[in-house]
Amino acid sequence: MKTGLADCIRALEDGTMEAGKACALIYGYSVLAGIIQGTELEDRLTKLEVSVKHEGHGRAGALSCAR
């Protein structure tokens, strides 16, 4: 994706790509980047929630024993 975006910008700068096409491609790359970022963030959040859930069970048991 980074390479495609860089190629698009270079082509626009070189004058080998029309501005309208470059804008459309850059917009598409931007949308795709947002989707990927959101998916990665969701995956990280899910892993964190699972980790906290597992740690929470262990801590609750430890607190019960300490009483």
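Where a number appears in this text, it was derived from the coordinates with a stated rule and is not lab data. None of these values were measured; they are calculated from a predicted model. Using ideal geometry, Cβ is built from the backbone for each residue, glycine included, and neighbour counts are taken over all protein chains shown.
Here are the numbers:
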{"read-out": "Cross-chain or 6+ apart pairs with Cβ under 7 Å, segment 1-20 first and in contact (Cβ under 8 Å) with a residue 24 or more places away in the chain, then in a helix (DSSP H, G or I)", "value": "MET1/TYR29; MET1/LEU32; MET1/ALA33; GLY4/TYR29; LEU5/ILE26; LEU5/TYR29"}
{"read-out": "Residue in segment 21-36 that is exposed (fewer than 10 other Cβ atoms within 10 Å of the Cβ), more than 12 Å from the chain's Cα centre (by Cα) and assigned to a helix (DSSP H, G or I) present", "value": "no"}
{"read-out": "Near pairs, Cβ below 9 angstrom, 6+ apart or cross-chain, from segment 29-41 (of a type in the set (S, T, N, Q)) to any residue that is in a helix (DSSP H, G or I)", "value": "SER30/LEU5"}
